[in-house]
1. Ordered by packing density, taken as the mean number of other Cβ atoms within 10 Å over each peptide's residues, highest first, how do 288-294, 150-156 rank?
2. Which shape class applies to segment 78-173: rounded if a/c is under 1.5, otherwise prolate when a/b exceeds b/c and oblate if not, where a ≥ b ≥ c are the square roots of the Cα gyration tensor eigenvalues?
3. Quick check: the distance between the Cα centres of segment 29-62 and segment 120-176, to the nearest angstrom?
4. Shape of segment 151-249 from its Cα gyration tensor (a ≥ b ≥ c, root eigenvalues): rounded if a/c is under 1.5, otherwise prolate when a/b > b/c, or oblate?
5. How much area per residue is accessible in segment 178-222 when the probe is 1.4 Å and only protein heavy atoms are counted (Å²)?
6. Using a 1.4 Å probe over the heavy atoms of the protein chains, calculate the carbon and sulfur portion of the accessible area of the chain as a whole percent.
7. Sort the following peptides by mean Cβ neighbour count (other Cβ atoms within 10 Å, averaged over residues), highest first: 337-343, 316-322, 215-221, 138-144.
8. Can you give me the accessible area per residue for segment 1-157, using a 1.4 Å probe, in Å²?
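The values are calculated or read from the model by the stated rules, or taken from the named source; none is laboratory data. On a predicted model such as this, the values are computed, not experimentally measured, just so you know. Note: ideal-geometry Cβ built from the backbone for every residue, glycine included; neighbour counts use all protein chains shown. Just the protein is used for accessible areas: all its heavy atoms, side chains included, with ligands, DNA and RNA removed. Shrake-Rupley method; radii C 1.70, N 1.55, O 1.52, S 1.80 Å.
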Amino acid sequence: MNLARALIDVRPLRTSPLFRRLLIGRTVSTLGSFMTMVTVMFQVWDTTRSTVWSGAVGLAQALPMIGIGLFAGAWVDRADRRRVYLLGNAGQATCSLLLAVQGFTGHAPVAVVLALVAVQASFGAVGAPAAGVFVPRLLPKDQVAAALALNQVTGQAMMLLGPAAAGVVLGWWGTGVCYLLDALSFAVSFASALGLPAMPPVGEKSRPGLGGVADGLRFLTGHRVVRGALLTDLAATVLAMPASLFPLVNSERFDGDPRTLGLFLSALAVGGVATTALSGPVTRLARPGPVMLCAAGTWGAALAGFGLTTSAWAGLGLLVVAGAADALAVLSRTTIVQTCTPDALLGRVTAAETIVGQAGPQLGNLRAGAVAGWSSGATALVTGGLMCLVVVTAVGLSTPELQRRGGPAGAGQPPAPAAG
């Protein structure tokens, strides 16, 4: 295998100027969003010195996504997705501008800051399902996985760069400038989507309100492949999410050394970025089902191994493997969802996938903390990893379609419009 085929597949960047512009806008806005996430946490902690208020930041971001997501998805499946996406971007930019105003004029009450964060997350919950239809509408089926890999690797890179950039900007210019840069990043994302064609649903439009949500849920529970993909993701996050255990395991096994603690999350990120950057063979393979099952199982096994090891270097190596497996599992799951879901339902299914991605890790950290409370961090890791492996195996055995490929070829794929 030559190096070009081993590296991430960049055909979508060459064949679709529209996707190329969208990727640039998405990358810039993701950088701004991570900067704002760090800035909000810094401001809330600096104002209150309270871990309760700091924890409320995560709730302000997650609850709107969970509460609004499915209804937003039903709306997206009745409307022009391009307009909905632009509305979501404009709303998020406005919230960032208001955060910048309070950052420049003096600290607003923490409740006001969190309210703005929640409103911004609500607009994000509207825009995310709309964005979920762009890749399968702009690109041929054989390039969907490659495009999703490009989205993923740029997002991971911004996850590494954004917090560091926020620290520099906060140190030099303060919270207002950070928020203002985020608002400008949404403006770039908005401009990148202006050239998209109209994207109404292909097929029967969603029913309004609860009826449309119910139709989406019926599809999710009835489509074996999509259901299996989301169950696999829930198994990986709810049963084996390790982040909340890192401080405890570091104290139990590595004498509480802050250097090892800082490397734990970095090791996960390194594994994810490196694997996505070398995802060319995986995306060209066009077998997302087996890849997802193997990757999710590897994630669980690697975290169980991390719970057993007493060597810092071996532990970091296992976390790199876990991060790599997680990246492949996420990429494969998203490919399955976007290629197996009819266009008319894609907004609702993307919303459900986003909710799973938001709620799963939160529940996983809660589970891990509860188990560790009556046992140990190592026990929580080992049992969680093994349970993940068992559930993923059960999903694979009960869904033979996932073992073969991951869904019928071309399922839910409308014809791609001409790139402009």
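1. Ranked from most to least packed, the peptides come out as 288-294, 150-156.
2. Verdict is oblate for segment 78-173.
3. 18
4. Taking the square roots of the gyration eigenvalues as a ≥ b ≥ c, segment 151-249 is oblate.
5. For segment 178-222, the per-residue accessible area is 48 Å².
6. C and S atoms contribute 71 percent here.
7. Averaged packing, sorted descending, gives the order 337-343, 316-322, 138-144, 215-221.
8. On a per-residue basis, segment 1-157 sits at 41 Å².
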